[in-house]
Amino acid sequence: MIVEETKTIRYRMVEGDVLEMIYKDNIALGVAETEENHQLYLQFIQGKTSFKRLVILGKNMSVNADARLLCKKFDEEESHKITAQATVCQTYLNKILAYVYFKMLAPKYANKVFSNRQFALDWLMKIN
């Protein structure tokens, strides 16, 4: 299994077509970190016509406003390849922020927020 990481995130493919994106604990994402993460993300999805994302948010992480806008832009550029996203939140605050982010983003793919990685992965595996 290929695992690649930056100082703020770790990527790996699991269950064939699921890109697991694990944000590290105690990080602050700005534009520079978001751009670095996105370059590695593009390497992982290169050549894929569709895939699912399993996003695991770290504890005590923050994303500044400019980085959130950049994430939204990147997501819109690649959303035609994403069939579903499960987001795992380790804290109640992250769960609230994830719901707000999805309301703002209004993605065209299925998405759901979980507090358990296995439940999230099981849900993704049911999505075609």
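Only Cα pairs under 8 Å and 6+ residues apart enter the sum, and on that basis the relative contact order of the chain stands at 22 percent. Length gained on full extension, LYS108 to PHE74, computed as 0.36 nm times the residue gap minus the Cα-Cα distance: 10.8 nm. Residues LYS73, LYS59, LYS52, ranked from the fewest to the most other C-beta atoms within 10 Å, line up as LYS73, LYS59, LYS52. Given springs between every Cα pair under 10 Å in a Gaussian network model of the chain, which of ILE82, ILE96, ILE27 has the largest fluctuation? In the Gaussian network model the winner is ILE96.
Put in line by how crowded their Cβ is, counting other Cβ atoms within 10 Å and starting with the fewest, GLU78, GLU15 read GLU15, GLU78. Overall size of the chain from C-alpha positions, given as principal axis extents largest first: 33, 29, 28 Å.
Close amide H contacts of VAL88 (hydrogens built in the peptide plane, cut-off under 5 Å, sequence separation of 5 or more or a different chain): VAL55, ILE56, LEU57, PHE114. What you get for segment 3-126, charging only the Cβ of Lys and Arg (+1) and of Asp and Glu (-1), is a dipole of about 440 debye around the Cα centre.
Note on the chain: dipole from Cβ charges, positive end direction compared against PHE74, GLN43, MET104; the farthest Cα belongs to MET104. Summing charges over neighbours of GLU15, with a neighbour being any other residue whose Cβ is under 15 Å away from its Cβ, gives +3 when K and R count +1 and D and E count -1. The calculated FRET efficiency for the pair GLU35 and ARG12, based on their C-beta separation and a Förster distance of 25 Å, comes to about 0.75.
Each residue of segment 111-121 is assigned a 3J(HN,Hα), and the resulting list reads 8, 8, 9, 10, 10, 9, 4, 5, 4, 5, 5 Hz, derived from the Karplus form 6.51 cos²θ - 1.76 cosθ + 1.60 (θ = phi - 60°), x at Gly and Pro. Under a 5 Å amide H cut-off, with hydrogens placed 1.01 Å from N, LEU29 pairs with SER62, VAL63, ASN64 among residues at least 5 apart or on other chains.
Each label point was placed 7 Å from the Cα along the Cα-to-Cβ direction; for GLN43 and ASP66 their separation is 2.5 nm. Counted over the chain, the DSSP beta bridges are approximately 35% antiparallel.
Averaging the Cα positions of each part gives two centres, and for segment 7-75 and segment 92-126 these lie 14 Å apart.
By the helix-only formula, in which each DSSP H run with n ≥ 4 contributes -39500 (n - 2.57) and the sum is divided by residues, the chain has a 222 nm mean residue ellipticity of -13000 deg cm²/dmol.
Each value in this text was obtained by applying a stated rule to the coordinates, not by laboratory testing. Owing to the predicted nature of the structure, the values given are computational and were not obtained by experimental measurement. Ideal geometry is used to build each Cβ from the backbone, glycine not excepted, and the neighbour counts take in all protein chains shown.
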